[in-house]
Amino acid sequence: MRKRNRKPCLITGILLFFAIISGCGSKSGLSVRDYIAWFGKQDCPLAKTQEQDGYKYELRYQTADCLALKEIAEDELTNRKLKEELKARNGLYYFLLRITPPEGKKQKFLEEESKSISWLSFGAKDDIKLIQGKDTLSCAMNQFEPSMGIMPYQSFNIGILKPENEKQDNPNTDIKILFTDKVNSGKQIVFTIKASDFKQIPTYKL
């Protein structure tokens, strides 16, 4: 009986081995564009919506990575620049809050905005809290973007201090965000984002 030529099998095995090693070492994750777009999706698990008296309140959690990547032009994006941007954002959780009025109250919405611009720009910070476990965390940053009659909503870019012992980039437990709207509905709005929602945050590759 003739012996089988084992060389083709051996070569195939070696090629397969290197293919597996190469695959294990390759970067995985979304492109930067797709990663940023993920946070803006309508069905993003980190976007929560509430309604009070016809006013729509939408809160979106945004990672520091997402905000940092938005700041850097694509042709200037390097690991070094990204690290610098992330360092500047360390210590805070970030959110985008939008308030949209019902159809019949758009004029009142604009009038109240004009009269209450001081609270919207500065005072609202004191009426935003985050509860994480036993910690009640304060709002450290609030950048208000008025509608000015141009946009159909008001926007707040919010930064809330992380707990002192929090080493994770993103929350690893359920959180609640409390916002008291003293201008429009006059009600306290409560948003809940679960730990399982945060676990859905994708990775990205440069």
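Quick check on A68: is it modelled with pLDDT of 95 or more and out of contact with any strand residue (DSSP E or B) (no Cβ under 9 Å at 6 or more places or on another chain)?
yes
Among the numbered conditions (1) touching a Phe, Trp or Tyr at 6+ places or on another chain (Cβ under 9 Å); (2) assigned to a helix (DSSP H, G or I); (3) of a type in the set (A, V, I, L, M, F, W, C); (4) more than 13 Å from Y94 (Cβ to Cβ), tell me where C44 comes up short.
With (1) touching a Phe, Trp or Tyr at 6+ places or on another chain (Cβ under 9 Å); (2) assigned to a helix (DSSP H, G or I); (3) of a type in the set (A, V, I, L, M, F, W, C); (4) more than 13 Å from Y94 (Cβ to Cβ) applied to C44, the lone miss is (2).
Tell me, which residue of the range 163-206 that is aliphatic (A, V, I, L, M) and touching a helix residue (DSSP H, G or I) at 6+ places or on another chain (Cβ under 7 Å) is farthest from K115 (Cα to Cα)?
L206
Quick check: anything in the range 125-137 at pLDDT 95 or above and either within 21 Å of Q42 (Cβ to Cβ) or among the small types (G, A, S) (or both)?
No, every residue in the range 125-137 fails to be at pLDDT 95 or above and either within 21 Å of Q42 (Cβ to Cβ) or among the small types (G, A, S) (or both).
How many residues are surrounded by fewer than 18 Cβ atoms within 10 Å (Cβ to Cβ) and among the small types (G, A, S) if we restrict to the range 141-167?
Selection size over the range 141-167: 2.
Does S121 qualify as being within 21 Å of S185 (Cβ to Cβ), among the polar types (S, T, N, Q) and either more than 22 Å from the chain's Cα centre (by Cα) or crowded, with 18+ Cβ neighbours inside 10 Å (or both)?
The answer is no for S121.
The values are calculated or read from the model by the stated rules, or taken from the named source; none is laboratory data. Source: prediction; values computed, not measured. As a convention, Cβ positions derive from the backbone with ideal geometry for all residues, glycine included, and neighbour counts pool all protein chains shown.
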